[in-house]
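The values are calculated or read from the model by the stated rules, or taken from the named source; none is laboratory data. Bear in mind that the values here come from a model prediction, so they are computed numbers and not experimental data. In this analysis, Cβ positions are derived from the backbone assuming ideal geometry, glycine residues included, and neighbour counts consider all displayed protein chains. SASA here: full protein model, heavy atoms, side chains in, ligands and nucleic acids out. Shrake-Rupley method; radii C 1.70, N 1.55, O 1.52, S 1.80 Å.
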Amino acid sequence: MASLKELRNRIASVKATQKITKAMQMVAAAKLRRAQEAAEAGRPYANRMDRVMASLGAKVGMDEGAPRLLAGTGKSDVHLLLVATAERGLCGGFNSNIAKLATKDISKLLAKGKQVKILCVGRKGYDVLKRDHASRMVEGSPIDFKSIKRIGFTQAEQVGRKILSMFDEGEFDVCTLYYSEFKTVVEQIPTAQPLIPVKIGDETGEPGANGAIGAEAAYEYEPGEAEILDDLLPRNVMTQIFRALQENAASEQGARMSSMDNATRNAGDMIDRLTLEYNRSRQAQITSELIEIISGAEAV
């Protein structure tokens, strides 16, 4: 049985930890509101951009004159996985769930004989994936945004330019973006989104401006679909990356808030158990001392 001094030290240690987890929970709650508002504000623009790309892609088709970002390279031998996670831990299963989804897809691609390359945005995903796939990491991975207090479109442009540069140099055929979609504080859904080539067809099921759905919506473009695509396709890549970074920022804070709340509760339960054990040990020690005193008095 632990001594009273050891129990007091353990209780003090757990109380100090509880103060830290409570403070982290409050900080995450404050950051969550801003991150959630940013993620929700960015969704309509990203969804509309996807629908416009679907409509333009359906009009242009997959002929020889179609942009490479739309038509692809004509093959799918080399896959680039863009895995976006957090720079820090202590946020439950947020980072590991994204990494697990990417790992699962890597295994499927390798089983089909495909070549896989991995580019990580965020240190935590890189640390997990590097254990088994160090040879597949792209030079410059992970892309580090630890010093950035609030993610902006500038960071998405940085990642987008690197992806587009690699595609222009023929380093991959297909790119898939991995991130966690924010639903609620306790629910974040790991998501794999095709990034390059642009997927033709709208999966949102939302009607277009004329009541049609997805690529069936009738639009007229000036100067022309191909010219517009040349400008919008690179921007769409950056927009989807920006959306993923915003979703991740909200999901990270939600997961951290929930995780720190559980840690604070567990610390409270541990303090209660240690306090009960301390009181019992103290009572037993007092009783033992009283017995010794009474026994000594009777002997005299």
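Using the Cα centre as the reference, give the magnitude of the dipole from point charges on the C-beta atoms of the stretch 229-300 (Lys, Arg: +1; Asp, Glu: -1; all else neutral), rounded to the nearest 20 debye. It would help to have the intermediate numbers written out before the result.
Values: 7 positive and 11 negative charges, 34 e Å.
Magnitude of the dipole: close to 160 debye.
Calculated mean residue ellipticity at 222 nm for the chain: -22000 deg cm²/dmol, from DSSP H runs with n ≥ 4 weighted as -39500 (n - 2.57), summed, divided by the residue count and rounded to 500. Comparing mean-square fluctuations of Val174, Val138, Val116 from a GNM of the chain with C-alpha springs under 10 Å, the top value falls on Val138.
Largest accessible area first, the listed residues Met24, Met270 line up as Met270, Met24 when surface is computed with a 1.4 Å probe on the assembled protein chains.
Over the Cα atoms of the chain, the radius of gyration divided by the Kirkwood radius equals 1.23; this is the Rg/Rh ratio. Whole Å is fine, so just give me how far the alpha carbon centre of the stretch 86-123 lies from that of the stretch 222-252. Distance between centres, Cα-based: 22 Å. Between Arg33, Arg161, Arg131, the GNM of the chain built on Cα springs shorter than 10 angstrom shows Arg131 fluctuating the most.
How much length is gained if the chain between Arg68 and Ile151 is pulled fully straight, taking 0.36 nm per residue apart and subtracting their Cα-Cα distance, in nm to one decimal? Don't skip to the answer; put the middle values down first.
Numbers: separation 83, 0.36 × 83 = 29.88 nm, distance 2.89 nm.
Result: 27.0 nm gained on full extension.
Legend: residue pairs Lys149/Lys183; Lys19/Lys104; Lys112/Lys146; Lys19/Lys149; Lys31/Lys124, Cα-Cα distance threshold 30 Å; pairs beyond threshold, Lys19/Lys104; Lys112/Lys146. Annotation: peptides 90-98, 74-82, ranked by per-residue average of other Cβ atoms within 10 Å with the highest first, follow the order 90-98, 74-82.
Could you give the DSSP H helices of the chain that reach 30 angstrom or more along their long axis (alpha carbon positions) and whose average Kyte-Doolittle hydropathy is no lower than -0.5? List each step's numbers first, then the result.
On the way: long enough: 4-60 (78 Å, -0.37); 225-299 (107 Å, -0.44).
Passing helices, by number: 4-60, 225-299.
In this view, the solvent-accessible surface of Thr154, computed with a 1.4 Å probe and all protein chains in place, comes to about 90 Å². Shape call for the stretch 257-300 from the C-alpha gyration tensor, a ≥ b ≥ c root eigenvalues: rounded (a/c under 1.5), prolate (a/b greater than b/c) or oblate? Prolate, because a/c is 1.5 or more and a/b exceeds b/c. Working ranking of peptides 11-18, 256-263 by packing, defined as the average number of other Cβ atoms within 10 Å per residue, highest first, is 256-263, 11-18.
With bins 5 Å wide beginning at 0, the percent of Cα pairs of the stretch 69-174 falling in each bin runs 2, 11, 22, 22, 20, 13, 6, 2, 0.
If the only charges are +1 at each Lys and Arg Cβ and -1 at each Asp and Glu Cβ, what is the size of the charge dipole of the chain around the Cα centre, to the nearest 20 debye?
Working: 41 positive and 39 negative charges, 290 e Å.
It comes to approximately 1400 debye.
A dipole drawn for the stretch 1-143 from +1 and -1 charges on Cβ atoms has a positive end, and of Gly92, Ala102, Leu69 the residue lying farthest that way is Gly92. Build a GNM of the chain with springs between Cα atoms under 10 Å apart, and of Ala39, Ala226, Ala284 the one that fluctuates most is Ala284.
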